[in-house]
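Presented below is the structure to which this report refers.
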Amino acid sequence: MLVVQSLNNIDAILGTNALSKSPTLQSKLQRLWSVNNISPDTTVEKLLSNYDVVASSGFHKPSSKIPPITFELLDEKPVQQKSRPIPVAVFQDLQVQIKEMEQMGVIVESESPYNSPILPVKKPDGSIRMCLDFVKVNQHIRYKNLPLPLIDNIFVQLENKSVFSTMDLNKGYWQLKLSPEAQVITAFNFGVKHYQFAVLPFGLSVAPGIFQKIMQMVLKPVLEKYPTDVYIYIDDILVATSSTTLHLQILNEIFQLLQKYELKLNLKKSKFLQKEVSYLGMRLTSSGLAMSPEKLRKVMDFPIPQNKKTLLSFLGLANFLRRFLKNYTIDSKPLYDLSTQPTFTWTEQALESFQKVKKSLLEAPILTAPNFAKALDESWPFFLVTDASKIGIGAVLLQKVNGDMKIIAMFNRSLHGSEKNYPPTDLEALAISAALTHMNLILYGVPVTIITDHF
């Protein structure tokens, strides 16, 4: 159905600040529980005590139940990059890390003809992480189509979920052994020594896909048994259910599988039986999808950009969160225009744009998980409100729930090429077409009423 009417009386950005306070952690065992627990008992603690799935220290031996990882190379010619000088300020930190990694068996001395330069990376807490620049090596590894799950496929299936658990594998990549042939290509120099990784390192282009495939193999029984309750994204496991009883049953089966394959959880980064959790940069709640407290804090604390680098950093953060913003394309245009200029000159227009985007993020609404059954029988119908301008197009998908309009999803983008020359009617048609394509995951095969102010 297509309805043409004025948008003057429609507020497509209903909602309030959906972000909650971060859960407060208590003692070591109490790390399982936060102030928003559903139950104060220690059921999960008791479950965990039945299995050897919690890492007792910073590192443990990699799994002996999972075959060593191998890579297929495009050619046999070794990739030998020149080592880079290590800055004096980080040398000692790297020296300590490498010594610890050698003692743990993460790396071993090597005679490999390969060499990749060390790349020190500063972490948010100011400490240094030892990484390798595998750019050249990655070009010699045959690409395998090992796709990661689409994040939106997870988020749209959270309707009626009220109990959440997230599990993080302890140094997940390091729990997988490399074959002797694969170890050779991970070699690097430090000081007068040459090393290679004995476990899967960060930085290899094929690593995320390989890890995802292995985790899907490990948890295959629960993924098939509970396809809308268990999700995996690389080393992050999510359980989302509508009842505590089912939730505990699923957790028990996951612990069994993790123990079978000798995989360990990081208890400090895992949360059990929560009313809401942070997952993949978002906050999952019984009400829907919101911005995580961590992202909110970054937005709140982000200073006015002083150069192009900090401007691009802010735009990257805002772009990641644009699903919560209806008018992001229009509001951020002065900032994007500035980011393409050869010289950085901060203006009043840029400041106004920065403050507008920041304010919109801080006031971002909750996105409600769609109810497909009620949308199909039209008892809770979908409404797609679209709009267009000479700058960009946008849309808001709403679902009428017991008389209240709930925001399900938002979409916006700038105009491309010849689209900038479209007359108003064509722009509105473009907004409808682009929105339906963007929201195909939700709207395919489901009745929807389209509301536009010009056709």
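Couple of notes before you dig in:
- Region 327-393: trypsin sites (Lys or Arg not before Pro) in DSSP coil with no more than 16 other Cβ atoms inside 10 Å: LYS390
- Across region 246-253, rounded Karplus estimates of 3J(HN,Hα) from the backbone phi angles (6.51 cos²θ - 1.76 cosθ + 1.60, θ = phi - 60°) give 5, 4, 5, 4, 5, 4, 4, 6 Hz, Gly and Pro being marked x.
- For region 95-125 versus region 132-185, the gap between their alpha-carbon centres in whole angstrom: 20 Å
- Pairs exceeding 27 Å between alpha-carbon atoms, taken from LYS123/LYS269; LYS77/LYS260; LYS77/LYS309; LYS161/LYS359: LYS77/LYS260; LYS77/LYS309; LYS161/LYS359.
- The angle separating the long axis of helix 88-104 from the principal Cα axis of greatest extent in the chain is about 70 degrees.
- Under the shape rule built on the C-alpha gyration tensor, where the axes satisfy a ≥ b ≥ c, region 97-166 is prolate, since a/c reaches at least 1.5 and a/b is greater than b/c.
- Rounded Å value of the spacing that divides the Cα centres of region 350-375 and region 381-435: 15 Å
- Distance between the modelled labels on LYS420 and SER64, one decimal in nanometres: 6.5 nm (7 Å Cα→Cβ projection).
- Based on C-alpha pairs under 8 angstrom that are at least 6 apart in sequence, region 23-280 has a relative contact order of 30 percent.
- The share of Cα pairs per 10 Å bin across region 291-362, counted from zero up to the longest distance, runs 20, 59, 20, 1 percent.
- Database remark: amide H of TRP380 closer than 5 angstrom to the amide H of ALA375 (H placed geometrically; neighbours at sequence offset of 5 or more, or on other chains; Pro and chain starts carry no H).
- The chain, relative contact order in percent, only Cα pairs under 8 angstrom and at least six apart counted: 20 percent
- Under a 5 Å amide H cut-off, with hydrogens placed 1.01 Å from N, ILE408 pairs with THR368, LEU397, LEU398, GLN399 among residues at least 5 apart or on other chains.
- Loop sites in region 104-163: GluC sites (Glu not before Pro), DSSP, at most 12 other Cβ within 10 Å: GLU111
- Panel values: region 145-284, Kirkwood radius from alpha carbon pairs, Stokes-Einstein at 25 °C and 0.890 mPa s, translational diffusion coefficient 150 µm²/s.
- From the alpha carbon centroid of region 293-322 to that of region 240-284 is 30 Å.
- The angle between the Cα long axis of helix 308-320 and the longest principal axis of the Cα atoms of the chain comes to about 70 degrees, rounded to the nearest 10.
- Peptide packing for 327-335, 62-70 was compared via the average number of neighbouring C-beta atoms within 10 Å per residue; ordered from the highest value, the list is 327-335, 62-70.
- Reachable lysines, given that their alpha-carbon falls under 18 Å from the alpha-carbon of LYS99 and they are not under 8 places away in the same chain: LYS61, LYS171, LYS193
- Helix content alone sets the calculated 222 nm mean residue ellipticity of the chain: runs of n ≥ 4 DSSP H residues at -39500 (n - 2.57) each, divided across all residues, give -9000 deg cm²/dmol.
- Residue pairs exceeding 24 angstrom between C-alpha atoms, taken from LYS122/LYS213; LYS298/LYS326; LYS308/LYS420: LYS122/LYS213; LYS308/LYS420.
- Inter-label distance for LEU119 and LEU146, nm, one decimal - labels placed 7 Å from Cα along Cα-to-Cβ: 1.9 nm
Read-outs throughout are calculated quantities, based only on the coordinates presented, and are distinct from any laboratory measurement. In this text the structure is predicted, and so the values were computed from the model without any measurement. Note that each Cβ is placed from the backbone with ideal geometry, even for glycine, and that neighbours are counted across all protein chains shown.
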